[in-house]
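Written out below as structure tokens is the structure these notes cover.
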Amino acid sequence: MPTARDIIESVLEHPSVFKSREKLYPEYVPAYLPHREEQLKSLATYFRPLLLEPGTISQRVLLVGSIGTGKSATARRFGSDFKHLARQRGIKLEYVHVNCHRDRTLYFVVQEIARQLHIPIPPRGLSAQEMFQIILKHLENRNIYTIITLDEFDYFIEVAGNDAVYFLVRTYDEHPELTKRISYIFITRGLTSLSRLDSATESYLVRNVIHFKPYTSAELFDILKYRSSEAFYEGTISDDVLNYISELVGVDTGGSGNARLALEILMLAGTEADNEGSPTVTIEHVRRAFAKTNPNLSIMINDVIKHLPLHELLILLAAIRSLRHSSEAYVRIGEVEEEYQRICEEIGEKPRRHTQVYEYVMDLKKRGIIDARVSGKGYRGKSTLIGISIGPLELLEKHITEIIEYKRETE
Ligand SMILES: Nc1ncnc2c1ncn2[C@@H]1O[C@H](COP(=O)(O)OP(=O)(O)OP(=O)(O)O)[C@@H](O)[C@H]1O
Ligand SMILES: [Mg+2]
């Protein structure tokens, strides 16, 4: 019998596809941000005056874009690099990043700014306004400039309200004589939350806007390629696998364009490979990972398939078998039809004609159970390709086989 130590050691020695899994964690800020060059350039342009004539302006820039489009990562990367470039020029600049989802009131935000700037705040109950004065004085005394990012700013607007926003961002309007030591980056998912503010403050915030569009599958591929080269051992993950994830998430291929989701699928797929002791990440690992990020889809599919007509189920079964057999992301509809005819022969059912098969395939697509697309590059001639994005296919196959058996017995 293996000792406890044997068991622990075997797990520790168990090879992993990951070279450095933590490089995929949400808090890790990558050195490169493919397809965010324009946004970085705009930030640099807006903040250039801070280096050329420090103290003359208090800049504010608003980053807007939907979930997982790289807003936080771009702000952090910019802040950290800009700080170092400022220091090289002899300007003491600090970057502060506050998440307003966590710190939603003026008091907590100001306290967090002081904490990140290492400014001691006396423990006796100071107001947010008094703390802010201490921060301003500290910056003045030590000749420090700051860029403060208020991330997930929507929450601050909602909870802290108009006056708090006004207080924070219009300090220098109230005191034009002060050297301008604080500049801001605001981050929101959309512009509608700003309409809660009075129109003067709103227009103050939307003067310099940088947009972040959802990523296309080609853009996600570049991002995943780079991020996986940091996180995975070479040769453990193929371009086909990266491409498949990119297509599941890309905004142009029916996804949301959310890089966080794409990276989560990548990491979960690697974990699936490790759990199975597989030396490489496969398409099937991606299907299982995708199902984990999308539990509702799996439930919905299991629900819908109970009510499908027998031959539609047989076609679905044929698609699953063809996909399992090929180990690729997609198979041609012709292969599925051949498999369908084989299954029909096996169980003594008369196969439906081609046009009916095609209609069933389109219905499965409409219901979101399969993915059907026209072949592009890499395939000879035009053909409809069929894929299934949730796994494990083995379980799905078992489930469908049971439903088919039940239907044939009862109908
Ligand atoms: N261009 C990119 N290159 C490499 N990694 C990226 C890129 N864009 C985003 N990421 C990564 O994707 C994840 C999500 O990005 P980020 O957190 O910046 O999104 P966000 O726009 O702030 O989303 P949310 O609105 O949900 O806060 C992060 O792990 C980030 O490192
Ligand atoms: Mg963010």
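The values are calculated or read from the model by the stated rules, or taken from the named source; none is laboratory data. Remember, predicted model here, so these are calculated numbers, not experimental data. A quick note on method: Cβ atoms are made from the backbone with ideal geometry, for glycine too, and the neighbour counts reach across all protein chains shown. Side chains are part of the model used for accessible areas, which takes the heavy atoms of the whole protein and leaves out ligands, DNA and RNA. Shrake-Rupley method; radii C 1.70, N 1.55, O 1.52, S 1.80 Å.
Residue-by-condition table, conditions (1) within 18 Å of Gly190 (Cβ to Cβ); (2) not in a loop (DSSP other than H, G, I, E, B):
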site: Leu63; (1), (2): yes, yes
site: Ile67; (1), (2): yes, no
site: Ala73; (1), (2): no, yes
site: Leu85; (1), (2): no, yes
site: Ile91; (1), (2): no, no
site: Arg102; (1), (2): no, no
*Leading residue by the ranking (nearest to Pro15 (Cα to Cα)) among those in the range 265-280 that are under 17 Å from the mean Cα position of the chain (by Cα) and in contact (Cβ under 8 Å) with a residue 40 or more places away in the chain*: Gly270
*Inspect all residues belonging to the range 296-308 and state whether any of them is within 30 Å of Thr236 (Cβ to Cβ), touching a residue at least 12 places away in the same chain (Cβ under 8 Å) and touching a Leu at 6+ places or on another chain (Cβ under 6 Å).*
no
_For the list (1) surrounded by 12 or more Cβ atoms within 10 Å (Cβ to Cβ); (2) within 25 Å of Asp239 (Cβ to Cβ); (3) among the aliphatic types (A, V, I, L, M), I need the number of the one condition that Leu317 fails._
(2)
*What about Lys71, is it on the phi < 0 side of the Ramachandran plot, without any contact (Cβ under 8 Å) to a residue 60 or more places away in the chain and either assigned by TED's automatic domain parsing to the domain that holds Gly270 or not aromatic (Phe, Trp, Tyr) (or both)?*
no
*Under the condition of being open to solvent by 20 Å² or more (accessible area, probe 1.4 Å) and more than 16 Å from ligand 1 (Cβ to nearest atom), which residue from the range 60-90 is farthest from Ile144 (Cα to Cα)?*
Arg60
_Every residue in the range 323-344 that is assigned to a helix (DSSP H, G or I) and open to solvent by 10 Å² or more (accessible area, probe 1.4 Å), please._
Arg324, His325, Ser326, Ile333, Gly334, Glu335, Glu337, Glu338, Glu339, Gln341, Arg342
*What pairs can you find where one residue is in the range 178-196 and under 10 Å from Ile147 (Cα atoms) and within 13 Å of ligand 2 (Cβ to nearest atom), the other is among the hydroxyl-bearing types (Ser, Thr, Tyr) and open to solvent by less than 20 Å² (accessible area, probe 1.4 Å), and their Cβ atoms are less than 9 Å apart, with a gap of 6+ or different chains?*
Ile185/Thr149
_So, Asn275, is that one assigned by TED's automatic domain parsing to the domain that holds Leu224, at pLDDT 95 or above and surrounded by fewer than 22 Cβ atoms within 10 Å (Cβ to Cβ) or not?_
no
*Could you please find all residues in the range 26-68 being out of contact with any helix residue (DSSP H, G or I) (no Cβ under 7 Å at 6 or more places or on another chain), within 16 Å of ligand 2 (Cβ to nearest atom) and without any contact (Cβ under 8 Å) to a residue 60 or more places away in the chain?*
Glu27
*Residues satisfying the stated conditions in the range 370-411, i.e. assigned to a loop (DSSP other than H, G, I, E, B) and either modelled with pLDDT of 90 or more or in contact with a Lys or Arg (Cβ under 7 Å, 6 or more places away or on another chain) (or both)*: Ile370, Ser375, Ser383, Ile388, Ser389, Ile390, Gly391, Pro392
*Hey, any hits in the range 282-292 for a residue that's away from ligand 2 (no atom under 16 Å from the Cβ), of a type outside the set (D, E, K, R), open to solvent by 10 Å² or more (accessible area, probe 1.4 Å) and more than 19 Å from the chain's Cα centre (by Cα)?*
yes
*Answer with yes or no whether Tyr360 is open to solvent by 30 Å² or more (accessible area, probe 1.4 Å) and within 23 Å of Glu411 (Cβ to Cβ).*
yes
*Give Tyr233, Tyr215 a once-over and let me know the one that is at pLDDT 90 or above and within 11 Å of ligand 1 (Cβ to nearest atom).*
Tyr215
